[in-house]
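What follows is a set of notes on a single structure, which appears directly below.
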Ligand code: SF4
């Protein structure tokens, strides 16, 4: 099977820096047709993407991982996106309930090692269900969030799911995101107004105090070394140059090469 590597995407990523998020969503739909889906965890950026899918419109399914220990406000936000924007949100769940997991492995999220195992079982493994269904997943990572996301590419290879991650909002500043949300009255998770700058599971998320970094409320009980769950491959090891198996015809379409198919 032909392979597409992160290095193959350098020029395309450079050209895409000037594109708007809506243009990038349209590009993804045109290239991947019914084999592209968006992902959201019901936070500001993901909900802005959901609004763009509705407003442009760019029809595609939206994938949401319900770890089983999310805040009720997060689940309610999902339901409001469905009823107001008419989105097809597909909810993925872990194999074990939190009670079953705790009975089998103990309370994992209280230690740094256990957190990795818990996030793997409750976030990453459920997402494995889409492997083979989609060649591209739309994310909502932004460079303005800093940390490992400070250099996030627009197009990123995901070896685990053998797909391309597309991040149309990478260049959106905090001000641009706020302005988009305000102008379009984007449906938001009400927890943002209660001091939660980012929102994950109820076991591992707290509000953030004025002056603290945005992600200070995530895994606060574990200290500053556990700031990512691993569901986004660019959070894990940004130095790698990974590759995926794609049909040659799809690689040509992504890279904009002329082929017999396109003619
Ligand atoms: S955020 Fe906490 S509770 Fe949720 S999957 Fe990760 S470790 Fe488990």
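We did not get these values from a lab; they are worked out from the coordinates using the rules stated. No experiment lies behind these values; they were computed from the predicted model shown. For neighbour counting, all protein chains shown are included, and Cβ atoms are generated from backbone atoms with ideal geometry for every residue, glycine included.
Sorted ascending by nearby beta carbons within 10 Å, beginning with the fewest, 143, 14 become 14, 143. Sorted largest first, the spans of the alpha carbon positions of the chain along the three principal axes are 56, 42, 33 Å. Taking 126, 190, 210 as the candidate residues, the one with maximal mean-square fluctuation in a Gaussian network model of the chain, Cα springs under 10 Å, is 210.
Helix 44-55 and the longest principal axis of the C-alpha atoms of the chain enclose an angle of approximately 40°. Among 198, 40, 102, the largest mean-square fluctuation in a Gaussian network model of the chain (Cα springs under 10 Å) belongs to 102. Of all DSSP beta bridges confined to the chain, the antiparallel ones make up roughly 40%. Take every Cα pair under 8 Å whose residues are at least 6 apart in sequence, average their separation, divide by the length of the chain, and the relative contact order is 25 percent. Between 103, 125, 30, which gets the highest mean-square fluctuation from a Gaussian network model of the chain, Cα cutoff 10 Å? Ranking 103, 125, 30 by mean-square fluctuation puts 103 first. When you restrict to C-alpha pairs under 8 Å that are six or more residues apart and normalise by the size of the range 168-227, the relative contact order lands at 20 percent.
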